[in-house]
Amino acid sequence: ATITAAALSEDLIEKGVILTDINTALEKYPEIVKKYFFKNTKIDKDKFVALSAAHFTNGIFLYVPKNIEVEEPIRVNFDGHGILHNIIVAEPSSKVDFIEEYSDKETGNEKLNVCVTEVFANNNSKINFYHINTWTKNTYNFTNIVGTAERDASINWISGCFGGKSNRLRIDTLFNGQGSQCSNIGVFLGKGKEHLDFATNMYHNAMQTTNEVVVDGILKDESSSVYRGLIRIEKEAQKTFSYLENHILKLGEKTLANSIPSLKIDANDVKASHGATVGQINEEHMFYLMARGLSRAEAERLIVEGFFEPVIHKIPSEELKEKIREMVRN
């Protein structure tokens, strides 16, 4: 994969912000990198994490020092395929918006992209993490993102998955500090014979943690999806509030959607709930729109845009809202 990122401003460099590739980071800043390298991923639990550990060739390293608020979003583009390892660190009381986009142009032979990203939100820090991937029809993608939130830290995940022969995104959040919080907004769109596999795992390991997950998907043609959502609350995680919802809209009889939400709760003073819906497009809605002069395709497009709009509305960045709307329209 070719990685491109805008250079940091002189001001941020002076403040100690680091943005470089992972190999340079290991060479130039070994003390910092080793503190975080493979610290919140379990190499022996997942074969793709193990593959990344053994064979990664590239990746990004972003480090934001204590008390630094980065005003402009940091953007990174990954073009093509590879085996990648990324690390994003926000030290105590820092703040950063990180936007990563993955895509490929070639439609020839089958290709593999494997990516492991470790995210560390230290005490009282805030990370808005945007992940968008758009793959061609012969790409197999396996992306594992793991975030650790320490005391009073917050991580907001915003993700969009589009395309790929098999496109898997897994986001694990470890609530390790009291008062840590997270929101997880995801959208996916499958067409042709694409298969989308989206998982969010929330591990509440400390008191008074807060979580909200909303993942919505649309399937067209003969595409299929599986969404797995886990909320795990340990016995020491009292006073936790955790919520998960997943909605999938099927356009066409040949689509296949699976939604597997699960709660595992060992604490007694918590609020946790989940809801999932899977449904076909409503023919009455279609008839209503077509009776007002829209073609079937136009009516379908309006319903699709309307279905995604509530979740898109939750995205903090106006620019990213528009980008995802554009993807949905296309």
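A few notes on this one:
- Shown here: the range 1-52, whose C-alpha atoms stretch 41, 26, 17 Å along the first, second and third principal axes, sorted largest to smallest.
- Most to least packed among 152-158, 289-295 [average Cβ atoms within 10 Å]: 152-158, 289-295
- Lys66 versus Ser262: modelled label distance in nm, points set 7 Å from Cα along the beta carbon direction: 4.1
- Between the Cα long axis of helix 318-329 and the first principal axis of the chain there is an angle of about 40°, rounded to the nearest 10.
- What the phi angles of the range 196-207 give under the Karplus curve with 6.51, -1.76 and 1.60, with θ = phi - 60°, is a coupling list of 10, 10, 10, 9, 10, 10, 10, 10, 8, 10, 9, 5 Hz, glycine and proline written as x.
- Annotation: per residue accessible area for the range 163-225 equals 28 Å², rounded to a whole number [probe 1.4 Å, protein chains only].
- Angle in degrees between helix 296-312 and the longest Cα principal axis of the chain, rounded to the nearest 10: 30
- Ordering of 2-8, 136-142, 187-193 by burial proxy (mean other Cβ atoms within 10 Å per residue, highest first): 187-193, 136-142, 2-8
- Rounded to the nearest 20 debye, dipole of the range 65-214 from Cβ charges on Lys, Arg, Asp, Glu: 420
- Spatially close lysines, pair count over the range 188-311: Cα under 14 Å, gap of eight or more or interchain: 11
- From most to least packed by mean Cβ count within 10 Å, the peptides 212-225, 316-329, 54-67 give 212-225, 54-67, 316-329.
- Residue among Leu289, Asn258, Ile87 farthest towards the positive dipole end of the chain, charges placed on Cβ: Asn258
- Accessible surface of the chain [probe 1.4 Å, protein heavy atoms]: carbon and sulfur percent: 50
- Over the range 245-290 - Rg/Rh using Cα atoms and the Kirkwood inverse-distance radius: 1.21
- Probe 1.4 Å, protein heavy atoms only - accessible area per residue of the range 45-146 in square angstrom: 36
- Computed from the Kirkwood radius of its Cα pairs, the Stokes-Einstein diffusion coefficient for the chain at 37 °C and 0.692 mPa s stands at 160 µm²/s.
The values are calculated or read from the model by the stated rules, or taken from the named source; none is laboratory data. Nothing here was measured: the structure is a model prediction, and the numbers come from that model. Virtual Cβ from ideal backbone geometry, glycine too; neighbours counted across all protein chains shown. SASA here: full protein model, heavy atoms, side chains in, ligands and nucleic acids out. Shrake-Rupley method; radii C 1.70, N 1.55, O 1.52, S 1.80 Å.
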